[in-house]
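Some notes on the structure that comes next.
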Amino acid sequence: AQSVTQLDSQVPVFEEAPVELRCNYSSSVSVYLFWYVQYPNQGLQLLLKYLSGSTLVKGINGFEAEFNKSQTSFHLRKPSVHISDTAEYFCAVNKGGGSYIPTFGRGTSLIVHP
Amino acid sequence: EAQVTQNPRYLITVTGKKLTVTCSQNMNHEYMSWYRQDPGLGLRQIYYSMNVEVTDKGDVPEGYKVSRKEKRNFPLILESPSPNQTSLYFCASSSPGEPQHFGDGTRLSIL
């Protein structure tokens, strides 16, 4: 069965610094990968997705992620964070081939300090 | 507007009093799912449904029931709620291989 590991439960960073949130997955078949963001007291919103094609995926709010099949990773990056990026970030994988079943990581709390 | 609607948004109730959290989507999605979110544990899937009359257990189904009589609705039923079911609950829907669309969440407190 597929699984997702988010290696950091909390990432503190100063405003305008770059950030990387790490995500590794395990699956024996092709996968679809997603990053979601949850702002305080809100539901989850899709940041970006990888279904096929270019391994570098750009999302909303200046975030991007790179699919690395050999390392089974899908790390999320932003070159310069803002206070408003403080949120919980979830990596998720759907097993490929049209499978419905998603698996979520435990989440990474990004805390941006002024 | 495409959306997943959950009701109620907040509920405080007592142990043993049956409750239902409704979920409705207007995107004609086949797949629907319920999650609970607890601090440090992320999102854990309770039940999911691949289509009408097709439901299956997720990772933490104990104490919950679901039904899928219509494509758009997927209610979550707690027959005899207990304090350990105090949590933030999310409903989600999607088409195959596509991202989940989430509702705004239901915060349940069971005393």
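Values quoted throughout were computed directly from the atomic coordinates according to the rules given, and no laboratory measurement underlies them. The model shown is predicted, which means the values in this text are computed figures rather than measured ones. Here the Cβ is made from the backbone with ideal geometry for all residues, glycine too, and neighbour counts use every protein chain on show.
For the stretch A:36-58, a residue qualifies if it is within 23 Å of B:Ser87 (Cβ to Cβ) and either at the interface with chain B (Cβ under 10 Å from one of its Cβ atoms) or not aliphatic (A, V, I, L, M) (or both), and the qualifying residues are A:Tyr36, A:Gln38, A:Tyr39, A:Pro40, A:Asn41, A:Gln42, A:Gly43, A:Leu44, A:Gln45, A:Leu46.
Quick check: anything in the stretch A:28-43 under 14 Å from the mean Cα position of the chain (by Cα) and farther than 23 Å from B:Glu98 by Cα? No, the stretch A:28-43 has no match at all. Taking first residues from the stretch A:5-20 that are among the acidic types (Asp, Glu) and partners that are in a strand (DSSP E or B) and surrounded by 12 or more Cβ atoms within 10 Å (Cβ to Cβ), the Cβ contacts under 6 Å between residues at least 6 apart in sequence or on separate chains come to A:Asp8/A:Thr108; A:Glu15/A:Val112; A:Glu20/A:His75; A:Glu20/A:Arg77. Contact map, the stretch A:55-66: first residue touching a residue at least 12 places away in the same chain (Cβ under 8 Å), second residue outside any strand (DSSP E or B) and of a type in the set (Asp, Glu), Cβ cut-off under 9 Å, separation 6 or more or different chains; pairs are A:Asn61/A:Asp85; A:Gly62/A:Asp85; A:Phe63/A:Asp85. Meeting the requirement of 3 or more residues that are touching a Cys at 6+ places or on another chain (Cβ under 8 Å), the strands (runs of 3 or more DSSP E) wholly within the stretch A:1-80 are A:3-6, A:31-38, A:73-78. When residues in the stretch B:62-111 are screened for being among the polar types (S, T, N, Q) and in contact with an Asp or Glu (Cβ under 7 Å, 6 or more places away or on another chain), 2 of them pass.
Only one entry of B:Gly63, B:Gly42, B:Gly16 meets the criterion of being surrounded by 12 or more Cβ atoms within 10 Å (Cβ to Cβ), touching a residue at least 12 places away in the same chain (Cβ under 8 Å), on the phi > 0 side of the Ramachandran plot and among the small types (Gly, Ala, Ser), and that entry is B:Gly63.
This table checks each residue for (1) touching a Gly at 6+ places or on another chain (Cβ under 7 Å); (2) more than 9 Å from chain A (Cβ to nearest Cβ); (3) surrounded by 21 or more Cβ atoms within 10 Å (Cβ to Cβ); (4) aliphatic (A, V, I, L, M).
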{"site": "B:His29", "(1), (2), (3), (4)": "no, yes, yes, no"}
{"site": "B:Tyr48", "(1), (2), (3), (4)": "yes, no, yes, no"}
{"site": "B:Arg72", "(1), (2), (3), (4)": "no, yes, no, no"}
{"site": "B:Phe90", "(1), (2), (3), (4)": "yes, no, yes, no"}
{"site": "B:Pro96", "(1), (2), (3), (4)": "yes, no, no, no"}
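Filtered by the rule that a residue be basic (Lys, Arg) and within 27 Å of B:Asn51 (Cα to Cα), the stretch B:6-35 gives B:Arg9, B:Lys18.
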